[in-house]
Amino acid sequence: MEKNILLINKSGLNQAFIKGFKDEGFSVISFFDDSFHPYTKSLFTKYTNIIRRLFLKDKEYIQRLEKADYQKKLLKRTQVVANMYRFDYALFFRADLYPEKIVSEIREISDIMISYQYDGMKVCRNILNYTTYFDRIFVFDPDDYKNYKHIGFLPLTNCWFSDNSIARPNERDFFYVGVGIDERKKNIRNFQKHLSGRFSLKAWLSIPSFRNEEEFGEIKYSHSVMSYEENMQFTKSSKAIIDFKLPYHNGLSFRFFEAIFYEKKVLTNNSSVRKYDFYHPYNIFVTDFDDLAGIEEFMNLPYQKLSENIVQKYSFSNWIKYVLDEKCFEKINLPECN
């Protein structure tokens, strides 16, 4: 009998997960449907915002309206889902981002409820207030697993998604896509200068709509977010992927696992990757992006194919069997678990 799952995931990977579930034979309902369109500001709201900012020094009026509108949509969607379905599984991506009332109501219509905390506990400690609602909570930072395994948290990494499209030849040496925070802008520009014509780079950094940045060579800035599908097209046609670690966790981004599937090299400042079973110095170069000595030698080394067992271990197919505790899966450990 086909099992059904409620997917509560706001990230740009939502469609990739939906496709993955369907490929694995699940009936999947996405919590975030077309009803979650951006908040629309009326002319009255715009004028009120100007007045409040000028005379009351209230700079968060619009943010409060947006938050109230979003929470109203959350509650309405929860009620719609609850009236239509009962689920074998509910899978949250960072349940701490949602009001407790939403979490509680989804618990009532789900046989098994799971949260994947794909960010560091330093920014999502609210999940500690929700533990009684969940059958399983997974963390992807080795330090978080070490610190919270005593209360039942489980280890997990990100994964790769199957892609049957035709492979593309490499059109460039390096590719990066991500949020244009100041440190990353500095690092990517420094990296571009270091290349100085020896290697090719394409970088796409998303920035807020109220900011503009001067483009620098193949470093592009955008007020929109690149789609996952376009991201993968650039990934497939690049020799190496650039990864910047966030300061508040040591978990590995999806880039590492996409690189495993597409057999791409990775440049990263996340030194914890050296502890993982798929690490090979010919495939992954760890740098602080200040001292870039050794990049040329690294790029000239041949990519070292990983064993099929390692590759399949990090597939979505194995990932979801492990997360749902179904039969015939390879357990996904974090380094401290080995």
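Working note: Cα atoms of segment 172-306, range along each principal axis, descending, whole Å: 43, 29, 29. Computed log10 I(q)/I(0) for segment 1-109 at 0.11, 0.12, 0.22 Å⁻¹: -0.46, -0.53, -1.19, from the Debye equation with unit scatterers placed on every C-alpha and solvent omitted. Sorting 278, 55, 256 by the number of Cβ atoms found within 10 Å of their own Cβ, with the fewest placed first, yields 55, 278, 256. Neighbour counts of other Cβ atoms within 10 Å put 246, 75 in the fewest-to-most order 75, 246.
Name all residues of segment 51-66 having a backbone nitrogen under 14 Å from the label point set 7 Å from the Cα of residue 39 along its Cα→Cβ direction, giving them as ranges. Inside the label zone: 59-66. Here segment 166-210 and segment 53-120 have alpha carbon centers that stand 34 Å from each other. What does the net charge come to around residue 47 if you take all other residues with beta carbon closer than 15 Å to its beta carbon, with K and R at +1 and D and E at -1? For residues surrounding residue 47, the net value is +3. Modelled spin labels at residue 300 and residue 150, positioned 7 Å past Cα toward Cβ, are 5.2 nm from each other. As a proxy for reagent exposure, ranking 6, 54, 65 by other Cβ atoms within 10 Å from fewest up yields 54, 65, 6. Radius of gyration (Cα atoms) of segment 208-268, expressed as a multiple of 2.2 N^0.38 Å: 1.29.
Could you give the length gained on full extension between residue 293 and residue 248, defined as 0.36 nm per residue of separation minus the Cα-Cα distance, in nm? If you can, show how the numbers build up before the last one.
Numbers: separation 45, 0.36 × 45 = 16.20 nm, distance 2.63 nm.
The span from residue 293 to residue 248 would gain 13.6 nm if fully extended.
From largest to smallest, the equivalent ellipsoid semi-axes obtained for the chain from the alpha-carbon gyration tensor read 34, 29, 19 Å. When shorter helices are ignored and each DSSP H run of at least 4 residues is given -39500 (n - 2.57), the per-residue value for the chain at 222 nm works out to -10000 deg cm²/dmol.
Comparing 114, 219, 241 in a Gaussian network model of the chain (Cα springs below 10 Å), the most mobile by mean-square fluctuation is 219. Over the C-alpha trace of segment 100-235, radius of gyration and Dmax come out as 20.1, 59 angstrom.
Summing charges over all other residues whose Cβ lies under 12 Å from the Cβ of residue 172, with Lys and Arg as +1 and Asp and Glu as -1, gives +2. In the elastic network of the chain, a GNM with C-alpha springs shorter than 10 Å, the most mobile of 37, 249, 280 is 37. GNM remark for the chain: springs join alpha carbons under 10 Å apart, and the peak mean-square fluctuation among 225, 139, 28 falls on 225. Listed by chain and number, the aspartates and glutamates whose C-alpha is less than 19 Å from the C-alpha of residue 46, apart from same-chain residues fewer than 8 away, are 58, 60, 66, 69.
In segment 172-306, the DSSP beta bridges split such that about 5 percent are antiparallel, to the nearest 5. Applying 0.36 nm per residue to the separation of residue 182 and residue 132 and subtracting their alpha-carbon distance, the gain on full extension is 14.1 nm. Compared with the direct C-alpha span, the chain from residue 223 to residue 82 gains 47.2 nm at full extension, assuming 0.36 nm per residue.
Readers should treat all values here as calculations from the given coordinates under stated rules, not as data from a laboratory. As the structure is a computational prediction, the values presented were derived from the model and not from experiment. Counting neighbours? That spans all protein chains shown, and the Cβs are built from the backbone with ideal geometry, glycine included.
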